[in-house]
Amino acid sequence: MILWIVLIPLLGAAFNGLLFASGLWKKVLKGDEHTEKRVVGLVGCGVVLVSALISTSLFIKLLSMEPGQRQIIQELFVWIPSGSFTV
C-alpha cells in the first residue's frame, strides 16, 4: 500500500505528459482543447486525491494499533542477503 502513495501520482504525471504532450489525444478528442484541458486537470487532481485517500487510510490504520506497534512496513526488495543478515 505504501508504494502506491508514490506510484499513483507518478503514473498520472506520466499519463498526462506522454499522452497529452505528445499530441496523441488530439486525434481522439478531434482538437477539442477545452476537453483536453479538463481531462488533464481531472487526471492530475484525481491521482493526488487517490494518493491522499490511501495515506489517510494508512494513518487511520496506524491510530487503531497499539502505541508500541504503530508501524507499517513494506519491503520492496532485499539488497544484500548474507545468511540470516539482510540489508
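The values are calculated or read from the model by the stated rules, or taken from the named source; none is laboratory data. Computed from a predicted structure; not experimentally measured. Backbone-built Cβ (ideal geometry, glycine too); neighbour counts: all protein chains shown.
How many of the residues making up the range 32-87 are among the β-branched types (Val, Ile, Thr), part of a helix (DSSP H, G or I) and either modelled with pLDDT of 90 or more or exposed (fewer than 10 other Cβ atoms within 10 Å of the Cβ) (or both)?
Here is the first cut: in the range 32-87, the ones among the β-branched types (Val, Ile, Thr) are 35, 39-40, 43, 47-48, 50, 54, 56, 60, 72-73, 78, 80, 86-87.
Filter once more, keeping what is part of a helix (DSSP H, G or I): 35, 39-40, 43, 47-48, 50, 54, 56, 60.
Within this subset, residues satisfying the condition of being either modelled with pLDDT of 90 or more or exposed (fewer than 10 other Cβ atoms within 10 Å of the Cβ) (or both) are 43, 47-48, 50, 54, 56, 60.
Counting residues in the range 32-87 that are among the β-branched types (Val, Ile, Thr), part of a helix (DSSP H, G or I) and either modelled with pLDDT of 90 or more or exposed (fewer than 10 other Cβ atoms within 10 Å of the Cβ) (or both) gives 7.
Would you be able to tell me the number of residues in the range 17-31 that are in a helix (DSSP H, G or I) and not aliphatic (A, V, I, L, M)?
The number of residues fulfilling the criteria is 5.
Answer yes or no: is there a residue in the range 4-15 that is among the aromatic types (Phe, Trp, Tyr) and part of a helix (DSSP H, G or I).
Yes, that holds for at least one residue.
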